[in-house]
Amino acid sequence: MQVVREQIMRALNAKPNSLDQFKSKLQNLSYTEILKIRQSERMNQEDFRSPPVLELKDKITPEIMELIKQQRLNRLIEGTCFRKISNRRRQDKLWYCRLSPNHKVLHYGDLEECPQGEVPHDSLQEKLPVADIKAIVTGKDCPHMKEKGAHKQNKEVLDLAFSILYDPEESLNFIAPDKHEYCIWTDGLNALLGKDMSSEQTRTDLDTLLSMEMKLRLLDLENIQIPEVPPPIPKEPSNYDFVYDGN
């Protein structure tokens with residue numbers, strides 16, 4: 001009954017102009033949607049902005065970031081099929097790149113067609129030691145995007161382009177198949193170099209996982225007021241003449 005009452009009140013608060021609009025609002029406010037709204041509102045309550053909860057959030061964040069980092073590196077180990085775009089508008093060529101399980105070498109090589117699964121390391125002819133990588137650049141800063149008339153600076157291509165710079169003044173140039181793979185690879189490569197993962201996907205993953213973890217850890221504190229400061233430490237006893245008899 002409480003959920004039904006809440007559905008009606010929320011639908012009325014939207015100030016529908018007709019009975020049909022009111023019915024439509026009710027249909028959108030399903031039981032599942034009401035639970036989501038409640039959880040979202042609970043996360044924004046003062047208790048969730050109290051110092052102890054913020055301290056817990058700060059403690060959990062590095063753990064979540066490490067989890068995201070491991071997921072990115074695991075995806076690099078699986079590898080991805082990339083395309084080489086020709087300025088002469090010929091059929092795109094394909095190549096594959098993957099990270100070795102020990103995170104020390106990038107294996108890559110050309111392909112005739114996009115594989116159905118992972119490509120074995122020994123079938124990829126070229127290698128690039130991670131220790132030789134100097135920097136990761138993206139978009140217009142990529143060498144293959146600076147070439148004369150390179151894709152006419154197509155914004156879609158620019159948003160998916162990234163390059164690995166290594167000695168001697170060489171680069172390994174990528175065009176990701178989509179934005180998701182772009183984020184995975186730029187995050188993973190930055191993680192290999194000990195740099196921050198700053199992609200949109202990382203921010204989304206962090207928000208989602210952190211929200212879920214906070215809700216799980218605070219689940220037992222439903223309707224319990226969280227104090228602003230820790231409780232006082234009790235005074236020491238007058239003596240320590242305690243005897244514990246395990247029998």
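The values are calculated or read from the model by the stated rules, or taken from the named source; none is laboratory data. Predicted model, so just to flag it, every value in this text is computed and none were measured. Here the Cβ positions follow ideal geometry from the backbone for every residue, glycine too, while neighbour counts run over all protein chains shown. Accessible surface is based on the protein model in full, side chains and every heavy atom, while ligands, DNA and RNA are left aside. Shrake-Rupley method; radii C 1.70, N 1.55, O 1.52, S 1.80 Å.
If you filter segment 199-219 down to residues that are in a helix (DSSP H, G or I) and among the polar types (S, T, N, Q), you find that the one that is surrounded by the most Cβ atoms within 10 Å (Cβ to Cβ) is 202.
With respect to (1) open to solvent by 60 Å² or more (accessible area, probe 1.4 Å); (2) in a helix (DSSP H, G or I); (3) under 22 Å from residue 80 (Cβ atoms); (4) not basic (Lys, Arg), the lone exception for residue 196 is condition (2).
Among residues of segment 227-247 that are under 30 Å from residue 53 (Cβ atoms), none has a Cβ under 6 angstrom from a residue that is at pLDDT below 70 and not in a loop (DSSP other than H, G, I, E, B) at a sequence gap of 6+ or on a separate chain. Quick test of your reading of the structure: residue 228 fulfils all but one of (1) assigned to a loop (DSSP other than H, G, I, E, B); (2) open to solvent by less than 60 Å² (accessible area, probe 1.4 Å). Name the failing condition by number. It fails just one condition, (2).
A quick yes/no check of all residues on (1) open to solvent by 20 Å² or more (accessible area, probe 1.4 Å); (2) of a type outside the set (Lys, Arg); (3) modelled with pLDDT of 90 or more; (4) within 25 Å of residue 159 (Cα to Cα):
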| site | (1), (2), (3), (4) |
| --- | --- |
| 80 | no, yes, yes, yes |
| 113 | yes, yes, no, yes |
| 122 | yes, yes, no, no |
| 134 | yes, no, yes, yes |
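Here residue 127 meets the list (1) modelled with pLDDT of 90 or more; (2) in a helix (DSSP H, G or I); (3) surrounded by fewer than 17 Cβ atoms within 10 Å (Cβ to Cβ); (4) charged (D, E, K, R) almost entirely, failing just condition (2).
Looking at 10, 38, 42, just one residue is at pLDDT below 70 and surrounded by 13 or more Cβ atoms within 10 Å (Cβ to Cβ), and that residue is 42. Sub-7 Å Cβ pairs linking a first residue in segment 133-145 that is at positive phi to a second residue that is in a helix (DSSP H, G or I) and surrounded by 16 or more Cβ atoms within 10 Å (Cβ to Cβ), at least 6 apart or interchain, are 139/145; 139/158, ordered by first then second residue. Closer than 21 Å to residue 74 by Cβ, out of contact with any Leu (no Cβ under 7 Å at 6 or more places or on another chain) and modelled with pLDDT under 95: is that true of residue 208 in this structure? Answer is yes for this residue. Inspect segment 166-179 for any residue being assigned to a helix (DSSP H, G or I), open to solvent by 10 Å² or more (accessible area, probe 1.4 Å) and within 30 Å of residue 109 (Cβ to Cβ) and give the result as yes or no. Scanning segment 166-179 turns up at least one residue that is assigned to a helix (DSSP H, G or I), open to solvent by 10 Å² or more (accessible area, probe 1.4 Å) and within 30 Å of residue 109 (Cβ to Cβ).
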